[in-house]
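Engineer: Right, I'll just put the structure down here and ask away after.
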Amino acid sequence: MAHTTPTIRDAVLHFYENEQEISISVGSARWFAWLQEETTLLFSFHSLDGSYTARKEHAGNHRGGYYWKAYLKRQGRLSRAYLGKSEDLTLDRLNEVAMMLAKRPLSRQPPQMAYPQPAATPLLQSKLHPPRLPVQLVERIPLLELLDKGRRQKLTLVQAPAGFGKTTLVAQWIARSEAQAAIQRKPWLVAWLSLDSGDNDPIRFWSSLIAAIPALYGHIGQVALAQLSQQSQSPFAPAQLEAALASLLNDLTGSVPEGVLVLEDYHLIEHERIHKTLTFFIEHLPADFHIVMLTRSTPPLPLVRWRARGDLQEIHPNQLSFSLEETTVFLQQHIPTPFSEEAARKLHIYLEGWAAGLRLFVLNSQSQRASQMIEEAFGLPHIGLVHNTSRRSIQEFFISEVLAAQPESLQLFLLQTSLFSRLTASLCDAVMGRQDSAEWLERVERSGIFLEALESADGWYRYHALFAEAMRTEAIRRLGAEALRYLAAQASRWYEEHALLSEAIETALSAQEFERASLLIERLNEHAYFTEYHTMCRWLDQIPKSLLPSHPTLCFLFAQARIFSADSPGPIWRIEPAEELLQMAEEGWRAQGELLQIGVLSAFRATFTIVHGFIAPAVAYAHQALQLLPSASAEQVYHQRPVEWIEWHCGCLLTLGMEAMQTGAFHTARQYLREGYTFSLHVKDRVFTRVIGRLLGDVYFEMGELHQANSYYQQTQAEPPWLDQTGEAIFLTQLACGFIRLAYEWNDLEKAEQLAYEASLHHYEGTFPAGEEAGYTQLELLRLLLLRARGKKTEEDNALTALLTHLQAAPHTLLLIPDVLIWQTRAQIRDGDLLAAKRTLNTLTGYEKDLSATQQQAMQLLSARLLMAQGEAAAALPLLKQLFTHAQEEQHLVSALEIQVLIALASADLKQSQESYQQLASALSQARREGFLRLFLDEGEPLAILLRKLIPSLTEKPLRAYAQSILHAHAHSFSFRASNPDSPLLELLSAQELRVLTLLVAGHSNPEIAEELIISINTVKGHIKNIYRKLDVNNRVEAGEVARRLKLL
């Protein structure tokens, strides 16, 4: 079979199309055209520099389009890199990324604690085997050839009502194909899964499907099974089925020459997510793997699309109906007495080729001559096609003609055992209190009474579906509900003894032994954390509500099932729908004195409250939890505890760390987050490591430790992505913002712009609206900062207007507006538009009650900046010193440095030269080690002037070199602006300087200008001095001439 993934080797792309190999040179026009095709989604790249898989991904964040990313997995760690748009994918670029990924270091893994990992629920093995074929069998060559032909498609759909021989036909085809493969010595994987209504849970469905793969190919699906069985409740890494399916598909590709998976009774599957994930699985099947689906009804799958693509083979009831020749062969095999061709023809017309009808006829004719029986058959209830017959008439026939013909003891055996989907002698003995069930099962099978032995499952049987339904109905009528409940209770105990807890729970519920079912559910959760949330909800919905308060663990499990079930309405992971159950669990544990469990519950609440951004209630839960939980350092306390407890403990530390960040207490935030980070490293999934690591980067940035921040960002980036992509785009945007802030502060504007562009491509899914909008806003504010640094005023104004309009359009985004107004106020002050700045600052006061402590401090700092811009440095200085003291106390070094620079500038305005130099030198000394640049550059020319005056007095060579590097960067910044065609000046005039220039040229005096612009006369003089310097003039007349020549007015 041809390889399904397009592959690049020796600079040539190879892939197969319509079974023909296609070769395209990388970099050619045909190469770029292929990349642009809608069906082109991935390729693998191999060169001497390295290798990786490239995937086309959709660009989100309101911009659209596609881009390519490279992925490389080494030693279980996934690395990725941005490749670019399709037009960027030259051979040099592909090699460059290969080399970069190959050189990327792998982070070391810390030792892990021996925490218990969830295990898969034991599976009833009889579900994995088809029924054994009867000795006498009609070989249906046309249908077998049709199934052979279907092996070239992804899916063969065998759809017909009950009794049409679907299972027998496919089992016959499997046996025939296996025999052919054995003759040819060609391996052929066969997996069979008989479904029932209990499989309506995505985790159970896919775990069962993987378990169906024969032990000979045991490596297939093991990674996927581990991903499913290790599903946790963390808000950041629930196991995504698609990720597990991708692992399974990778295993299937190339593992065996050919394989088939049979899904029997798919009509019993109703869960929407199973249909969706199966669609994904079928559409990505390797070319050498095939699925056969047996169903009574049309499945809700994209059959129309698959028909159009030629991926679907269908077998319908009219094809499954026996022909006259097949009817004759069947009668000859099963009826020893002779019969005429006319009798066979009449029977064929009457039964319309229905296979189950033929079996019923043969069963009822064992004591009569065939011809006589055929004549009498027309007096029986019509047993033709199911869709032409009521179910009641068929059941009546089974009861009156089949069941009634058996001895009383056999009738009782059939009625009692019909309750179970699959039978074995041991189970029957336990249920009915006997020792001879093995002989009875063999007797029933030999008599042909619709009991089928399962292939390769020693001693296991099942009744035909139609017969089982009829027997169950009669069992209810004849034995009574109480007797059936007793039988179910006995069966439940047998299942429990054989470690089949799911079946034990099901039958205990059928027996209405609700207390016992409750204990079994709790026991199941003790042995293996049960992640089949749909199943858990179905079980616990049957438990009487009055019983729940005495089982707080059950209440907690029920709450989790409701919260995490894919069927739960509204946003994911919201605890409100389960609040009554959580409260019931807390009250129950409190009554039992289980304080540790209450702590776990509070930690759970904190974790799934903070994930939605509700910090205040999450903090209350976190404090309560940490009072009751063992300390994070007491690792032995968590030994043999569910791993989720550790993750929720990390969630509490994360919550308190985020609260401390909001209040500006960064030293406290660092303490909580470092404790949580260290704790998270010892959990296998490490789902909190990325989140806390990114926040630690933010904290260290605010504390002025830029290189430490970069280290945490890098470590976080090296962590493998979550199995589930839920929230991944938000996280990657937030992480990118950290890298952008670092690049900006180090004045690497090109790198910051590239990072901002890549981050803008992330696609948001609407899962966490508040988090998505916060990430989008943070990124846009950084983009505004970059536009300002580049002197792109028009683009900056347009982007700011668009951002404010976007945030004002929805209620849940209103709390993000203050951050934008804070940025806008500072921009207006820098532009000299003091009236607008004052209005924006007044608007901010309307949000004051909702502002965090850090936002309130930012407002106070803006007030000080506004005073300085108005020439009131004396009024600004006390406020600045107060803010400086507070920033130092909270170890908020970035803020302290900014304030100290402003103190230096204010002191300079007040002619306090010595104080000014001392403050600036102190700021430089603290900033030098971490390489701060933009903190100084963004203060513009006033800071540059002060720096020029200070440099001669700096005696330390490293400090002087650092100060000179800032001045050099300042000059380079203006040189860049001068190259902008919109700005022919060596140094741009600010908006306020343009206003002063306009009034100056119009003939206004300095006092008149001060009164018009609401600034002091000294400030006017300062602006005029700057204007003369920037225009290279000496008086008003010259300023007017240059302004008119440059079209500044």
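Bear in mind these aren't lab numbers, they're just calculated from the coordinates by the rules spelled out. Quantities reported herein were computed from a predicted structural model and do not represent experimental measurements. Here the Cβ positions follow ideal geometry from the backbone for every residue, glycine too, while neighbour counts run over all protein chains shown.
Engineer: List, in order, the whole-Hz ³J(HN,Hα) value for each residue of the stretch 544-556 obtained from phi through the Karplus relation with A = 6.51, B = -1.76, C = 1.60 and θ = phi - 60°; use x for Gly and Pro.
Structural biologist: Along the stretch 544-556, the couplings run x, 4, 5, 8, 4, x, 7, 10, x, 4, 5, 4, 5 Hz.
Engineer: What is the helix-to-structure angle for 1036-1045, meaning the angle in degrees between its Cα long axis and the longest Cα principal axis of the chain, kept from 0 to 90 and rounded to the nearest 10?
Structural biologist: The two axes meet at around 40 degrees.
Engineer: Using amide H atoms built 1.01 Å from N in the peptide plane, name the residues 5+ places from residue 452, or on other chains, whose amide H lies under 5 Å from its own.
Structural biologist: 462, 463, 464
Engineer: Related question: Considering every pair of different Cα atoms, what Kirkwood radius, in Å, is found for the stretch 858-977?
Structural biologist: Details: mean 1/r = 0.0690 Å⁻¹.
Radius from the Kirkwood sum: 14.5 Å.
Engineer: Take the stretch 427-517, drop everything but the C-alpha atoms, weight them equally and run the Debye formula without solvent; then report log10 I(q)/I(0) at 0.10, 0.19, 0.21, 0.26 Å⁻¹ to two decimals.
Structural biologist: -0.29, -1.07, -1.25, -1.36
Engineer: Can you grab the distance from the C-alpha centre of the stretch 411-448 to the C-alpha centre of the stretch 861-908, Å, no decimals?
Structural biologist: Centre-to-centre distance over Cα atoms comes out at 88 Å.
Engineer: Starting from the Cα of residue 103, draw a straight line to each of the aspartates and glutamates and keep only those under 19 Å, dropping any in the same chain fewer than 8 residues away.
Structural biologist: 49, 92, 719
Engineer: Further question: What does the helix-only formula give at 222 nm for the chain: each DSSP H stretch with n ≥ 4 adding -39500 (n - 2.57), the total divided by the residues, and the result rounded to the nearest 500 deg cm²/dmol? Show your work: numbers first, answer last.
Structural biologist: Numbers: 48 runs with 605 residues, N = 1049.
Calculated from helices alone, the mean residue ellipticity at 222 nm is -18000 deg cm²/dmol.
Engineer: Longer than 30 Å from Cα to Cα, which of 751/881; 792/1030; 69/149; 751/838 are they? Say none if no pair is. Could the numbers behind the result be given before it?
Structural biologist: Values: 751/881 35 Å; 792/1030 19 Å; 69/149 38 Å; 751/838 34 Å.
Over 30 Å Cα-Cα: 751/881; 69/149; 751/838.
Engineer: Starting with the fewest neighbours, write out 945, 521, 1027 ranked by other beta-carbon atoms found within 10 Å of each beta-carbon. Display every interim value, and only then the final one.
Structural biologist: Details: 945 14, 521 26, 1027 22.
Ascending number of Cβ neighbours within 10 Å: 945, 1027, 521.
Engineer: A follow-up question, please. With 10 angstrom as the radius, rank 537, 650 by how many other C-beta atoms surround their C-beta, starting from the fewest. Don't skip to the answer; put the middle values down first.
Structural biologist: On the way: 537 19, 650 29.
With the fewest neighbours first, 537, 650 line up as 537, 650.
Engineer: Right, something else. How high is the relative contact order of the chain, in percent, counting Cα pairs under 8 Å that sit 6 or more residues apart? Each step should come with its number before you reach the end.
Structural biologist: Values: 1486 pairs, mean separation 92.7, N = 1049.
Rounded, it is 9 percent for the chain.
Engineer: Using the Cα atoms as the points, what is the convex hull volume per residue of the chain in Å³? Before the final figure, lay out each step's value.
Structural biologist: Working: hull volume 216.4 nm³, N = 1049.
Per-residue hull volume (Cα only) is 206 Å³.
Engineer: Can you sort 66, 712 so the residue with the fewest Cβ neighbours within 10 Å comes first?
Structural biologist: 66, 712
Engineer: Would you mind computing the Rg to Rh ratio of the stretch 991-1045 from its alpha-carbon coordinates, Kirkwood style for Rh?
Structural biologist: Ratio of gyration radius to Kirkwood radius: 0.93.
Engineer: Would you work out if the stretch 718-807 is rounded, prolate or oblate? Take a ≥ b ≥ c from the square roots of the eigenvalues of the alpha-carbon gyration tensor; rounded if a/c is under 1.5, else prolate when a/b is larger than b/c, oblate otherwise. Kindly include the intermediate steps, with their values, before the conclusion.
Structural biologist: Details: a/c = 2.92, a/b = 1.36, b/c = 2.15.
The shape class here is oblate.
Engineer: Here's another thing I want to ask about it. List the residues whose amide H sits under 5 Å from the amide H of residue 16, counting only those 5 or more places along or on another chain, with H placed 1.01 Å from N in the peptide plane.
Structural biologist: 22
Engineer: State whether the stretch 773-855 is rounded, prolate or oblate according to the following rule on the C-alpha gyration tensor (a ≥ b ≥ c being the square roots of its eigenvalues): a/c under 1.5 gives rounded; otherwise a/b larger than b/c gives prolate, and the remaining case gives oblate. Mind dumping the intermediate values first?
Structural biologist: Working: a/c = 1.81, a/b = 1.19, b/c = 1.53.
Since a/c reaches 1.5 but b/c is at least a/b, the shape of the stretch 773-855 is classed as oblate.
Engineer: Additional query: May I ask for the distance between the Cα centers of the stretch 280-345 and the stretch 478-544, given as a whole number of Å?
Structural biologist: Taking the Cα centre of the stretch 478-544 as reference, the centre of the stretch 280-345 is 37 Å away.
Engineer: When Lys and Arg each count +1 and Asp and Glu each count -1, what net charge do the other residues less than 12 Å away from residue 925, Cβ to Cβ, add up to? The partial results should precede the final answer.
Structural biologist: Details: positive: 928, 929, 960; negative: 930, 956.
Its environment carries a net charge of +1.
Engineer: Above 23 angstrom, tally the Cα pairs of the stretch 125-320 and express them as a % of all pairs, no decimals.
Structural biologist: Details: 8071 of 19110 pairs.
Of the Cα pairs, 42 percent sit more than 23 Å apart.
Engineer: Another one. From the convex hull of the Cα coordinates of the stretch 706-771, what is the mean projected area in square nanometres?
Structural biologist: Values: hull surface 19.1 nm².
That works out to 4.8 nm², a quarter of the Cα hull's surface.
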